[in-house]
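The values are calculated or read from the model by the stated rules, or taken from the named source; none is laboratory data. Computed from a prediction, not measured in an experiment: that's the story for all the values here. Methodologically, a virtual Cβ is constructed for each residue, glycine included, from the backbone with ideal geometry; neighbour enumeration extends over all protein chains shown.
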C-alpha cells in the first residue's frame, strides 16, 4: 500500500512531535513522582513526637517492655514443648495464664533477648 506524504509532515517533523510529546510525558511523570515523594516525606517526618525525643518506636517499646522481659530459656524439655508453660512463647502470658496478642515475628524478639543477655554477660550494668 502506498504511503501518503503531506507537505510539512515528513519524518523529521513527526519525529520532533513524538520526541516533544515523550519529553513532556517524562517530565510530568517525574514531577508527579517528586510530588508523591515530598508528600510522603512530609507526612512521615512532620510533627512526629510519639516518644518525646527518645527515638524509639511504639512497637519497639512494647516488644522490649512487655514481651522481651518474660523470655528466657525453659528449665526442662517438657516446659519447652508445652506452649502454655514455655517461657519462649510470646503468644501466652505466663503470669495471667491466658493468650495475648503478639503480632510481630519471633526471630527479632529472640535475637533482641539473646543480644541483651550477651551484652549483660560481657558488660554487666552497675546496680
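When the test is whether a residue is assigned to a loop (DSSP other than H, G, I, E, B) and surrounded by 10 or more Cβ atoms within 10 Å (Cβ to Cβ), residue 101 does not pass it.
Just name the residue that is farthest from residue 70 (Cα to Cα) out of those in region 81-92 that are in contact (Cβ under 8 Å) with a residue 12 or more places away in the chain and under 29 Å from the mean Cα position of the chain (by Cα). Spell out the reasoning first.
Quick first cut of region 81-92, residues in contact (Cβ under 8 Å) with a residue 12 or more places away in the chain only: 84, 86-88, 90.
So of that shortlist, the ones also under 29 Å from the mean Cα position of the chain (by Cα) come out as 86-88, 90.
On the way: 86: 10, 87: 7, 88: 8, 90: 8 Å.
Restricting to residues being in contact (Cβ under 8 Å) with a residue 12 or more places away in the chain and under 29 Å from the mean Cα position of the chain (by Cα), the top hit is 86.
Residues that are part of a loop (DSSP other than H, G, I, E, B), in contact with a helix residue (DSSP H, G or I) (Cβ under 7 Å, 6 or more places away or on another chain) and modelled with pLDDT of 85 or more within region 45-87 comprise 71, 74, 85, 86, 87, listed in sequence order. Cβ-Cβ contacts under 9 Å between residues 6 or more apart (or on different chains), taken from a first residue in region 53-65 that is exposed (fewer than 10 other Cβ atoms within 10 Å of the Cβ) to a second residue that is assigned to a helix (DSSP H, G or I), are listed as 54/61.
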